Amino acid sequence: MVSEKSARYSWKSCSFLALVLIFQVFVYFTVYVDILIARIILCFLYLMFIPGIAILKLLKLENLDYSEKILFSLGLSIAFLMIIGIFINEIGRLVFANPFSLNLILLSINTVILVVSLLTIRHQRPSSLQLPRLKPSKKLITVLLIISFFSLGYYGTVMVIVSGNSSLLLLLIIACSIAVSSIFLSRKISTKLYPLILLIVSLCMIFFASGTLITKYISGTGDGPIEFYAFRLTERKGYWDPTVTSSPYAWNLFPTYSMLSVTILPMIFSVITGADGSLVFDLIYPFVVAFLALGAYKLYQTQTENKEALLAAFFFFTISYGKGFGSYKQQIAQLFYILLFLLLFKKGIPHSKKSILFIIFSVGLVVSHYALTYIFLFITLLAFIILALKERIKTGHLSVHRTKIPSSLLLIFLTITFSWYIFVNASA
């Protein structure tokens, strides 16, 4: 006879699969009935988080807090979409003229997510995304603050569009500053709320205060127009052609066109959400940028106290907010850049699971931005050599296996980097 505890565990292990199935039913419904607003919001959130959550559950990573689970889920989802996108592109081109058709790409992604979710039933111990536990009064205040911030940002954006009056958006910037300052002025704010406050502030600053949603035109700095053209070229062809090196309209198209972060990734979002390319760019990249502050906070938290980490992350975000976060492909790459360093410094993750995550995030970084890839490679390789020499001085013999940076992970990153840039990026 099955015990009550076993039955409860069995139900909990199946609950995620049930959630995924329900989510997929709604996705199929909104996509094929074409309820535009619902389709954009639902499919966007589905693609941004559900694949990553499924992979995390399969890996059974129990010792991550809620903010780390959100960060890893976002990174895994984006890497998953780019990896499965290139498989659909390469295999689909052998059979279909347009491998990025809605039916093929939606069915492929949903099938893989469903298979991963099925595997979690047997291998996943019952667990949940542990949100910070607060008193009812504090929960109410937190909810009201979130609603107030987003309402202020929404109506401020509408006012700018309608009348050009930016007073509400200026008030939003002041409110964001007060929200962060209150952490240092009051001891009653729980440290569990730090990541949430930082995330809400960064989302409001990126989507509202920066004017992202005010204009429908692409406003990326640097390679922004070239990156959007690379996406449009992929969209017009119906597939990604890695052999394209030039265009009569953009002489410097290559090697931007070889980056999946501005070709295949926005293509998948555009096809499934049904949104125009410019709207897709105004949603994907600012959304990822908003999580960079949270990623920086978790990274700094491995080296210092909570308040110092929060202040450092806020400083990082505000400086970057003022001068810009770089090109679109760089914005995606920065997420993987932070996650890779967080993996190296994060304790408590088993080596085998850390290696799997490191491989996935390495692929994500390599196919997103070439410069950040080489910067990460240089830093880790130099640190590895310094640590090995330090060990040599300390013990009298050279050992590459006792450094804090595993040699196996470094070799994996080297292999992925040079394989992609030699065979796809033509050593540009």
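In this model, which of Lys188/Lys346; Lys60/Lys188; Lys216/Lys237; Lys237/Lys346; Lys69/Lys390 are farther than 31 Å apart at the alpha-carbon? Please list the in-between numbers first.
Details: Lys188/Lys346 28 Å; Lys60/Lys188 34 Å; Lys216/Lys237 23 Å; Lys237/Lys346 42 Å; Lys69/Lys390 34 Å.
The pairs that break the limit, which is 31 Å between Cα atoms, are Lys60/Lys188; Lys237/Lys346; Lys69/Lys390.
Just to make sure I understand: if all protein chains stay in place, what is the order of Tyr257, Tyr229, Tyr374 by accessible area at 1.4 Å, largest first? Don't jump to the answer; show the numbers that get you there.
Numbers: Tyr257 0, Tyr229 50, Tyr374 90 Å².
Ranking Tyr257, Tyr229, Tyr374 by accessible area, largest first, yields Tyr374, Tyr229, Tyr257.
Among the aspartates and glutamates, which fall within straight-line cross-link reach of Lys354, defined as a Cα-Cα distance under 12 Å, with same-chain neighbours fewer than 8 residues apart omitted?
Output for Lys354: empty list, no partners.
Give me the one-decimal nm value for the distance between modelled label points at Lys404 and Asp65, 7 Å along each residue's Cα-to-Cβ direction.
The two pseudo-label positions are separated by 2.0 nm.
Specify, per residue and in Å³, the volume enclosed by the convex hull of the alpha carbon atoms belonging to the chain.
186
For Lys404, go through the aspartates and glutamates and keep the ones whose alpha-carbon is under 17 Å away, minus same-chain ones fewer than eight residues off.
Glu391
Could you order the peptides 406-418, 173-185 from most to least packed, using the average number of other C-beta atoms within 10 Å per residue?
Sorting 406-418, 173-185 by mean packing, highest first, produces 406-418, 173-185.
Would you mind calculating the gained length between Tyr217 and Lys347 on full extension (0.36 nm times residue separation, minus the Cα-Cα distance), in nm to one decimal? Please report the intermediate quantities before stating the final value.
On the way: separation 130, 0.36 × 130 = 46.80 nm, distance 4.32 nm.
Gain on extension, Tyr217 to Lys347, equals 42.5 nm.
Report, by chain and number, residues whose modeled amide H sits under 5 Å from the one on Ser247, excluding near sequence neighbours (fewer than 5 apart, same chain).
Leu253
Of the peptides 375-385, 98-108, 346-356, 265-275, how do they stack up when ordered by the mean number of other Cβ atoms within 10 Å, highest first? Let's see the in-between values first.
Values: 375-385: 14.9, 98-108: 16.6, 346-356: 13.4, 265-275: 22.8.
For the peptides 375-385, 98-108, 346-356, 265-275, the packing ranking is 265-275, 98-108, 375-385, 346-356.
Given R₀ = 56 Å, FRET efficiency for Ile178-Ser15 by Cβ-Cβ distance, to 0.05?
Numbers: r = 39 Å, r/R0 = 0.70.
Working from the Cβ atoms, E equals 0.90.
What order do Leu59, Leu76 take when sorted by accessible area (1.4 Å probe), most exposed first?
Working: Leu59 20, Leu76 0 Å².
Ranked list, largest accessible area first: Leu59, Leu76.
If you average the alpha carbon positions of region 180-251 and of region 365-380, how far apart do those two centres end up, in angstrom?
What the calculation gives is 19 Å, centre to centre.
What relative contact order, as a whole-number percentage, does the chain give when Cα pairs under 8 Å and 6 or more residues apart are counted?
Numbers: 473 pairs, mean separation 71.5, N = 428.
The value is 17 percent.
The values are calculated or read from the model by the stated rules, or taken from the named source; none is laboratory data. Just so we're clear, the structure is a prediction, and the values are computed from it rather than from any experiment. Cβ sites come from the backbone with ideal geometry, for glycine too, and all protein chains shown count toward neighbours. Each accessible area value is taken on the protein alone, full model and side chains, heavy atoms only, with ligands, DNA and RNA left out. Shrake-Rupley method; radii C 1.70, N 1.55, O 1.52, S 1.80 Å.
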